[in-house]
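Presented below is the structure to which this report refers.
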């Protein structure tokens with residue numbers, strides 16, 4: 001495991017004044033070895049999501065959903081009926097869990113059952129952080 005922290009200057013739009021303001025953000029990152037596959041990049045906010053998981057089933061669902069996202073697939077369909085069969089629970093349990101992941105900003109709903117993972121929390125193996133984060137921010141501006 002490797003940890004590092006850096007300060008990032010950014011221009012942020014102040015919605016009340018309509019002007020750009022300079023702001024510095026701290027990026028705290030942990031790299032976790034995935035064995036022969038290399039390293040995954042996880043931000044501190046990822047730990048906040050993991051600390052909100054309440055049961056073994058939720059941990060398994062979280063890992064399953066996280067692993068659906070790859071360097072080539074930033075949008076993933078989450079069929080709640082299929083997930084409920086995989087994890088032996090009701091569709092409502094899966095829906096509430098996916099809703100919690102949305103509230104924690106780990107994923108964002110794109111359409112009915114299509115979601116995008118927050119690249120400011122987790123970068124899939126061999127994923128381009130800059131490319132994924134720029135795409136995320138562009139969609140946030142819309």
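Structure notes:
- Over the C-alpha atoms of region 58-107, the Rg to Rh ratio, Rh being the Kirkwood estimate, stands at 0.95.
- Between residue 126 and residue 22, the contour length at 0.36 nm per residue exceeds the Cα-Cα span by 34.4 nm.
- Estimated FRET transfer efficiency (residue 87, residue 5; beta-carbon r; R0 30 Å; 0.05): 0.25
- Using the Cβ-Cβ distance between residue 133 and residue 111 with R0 set to 22 Å, the FRET efficiency works out to roughly 0.55.
- Extension reserve of the residue 102-residue 70 stretch, reckoned as 0.36 nm per residue once the Cα distance is removed: 9.7 nm
Throughout, read-outs are computed from the coordinates displayed, never taken from laboratory work. What you see is a predicted model; the values in this text were computed from it and never measured. Note that each Cβ is placed from the backbone with ideal geometry, even for glycine, and that neighbours are counted across all protein chains shown.
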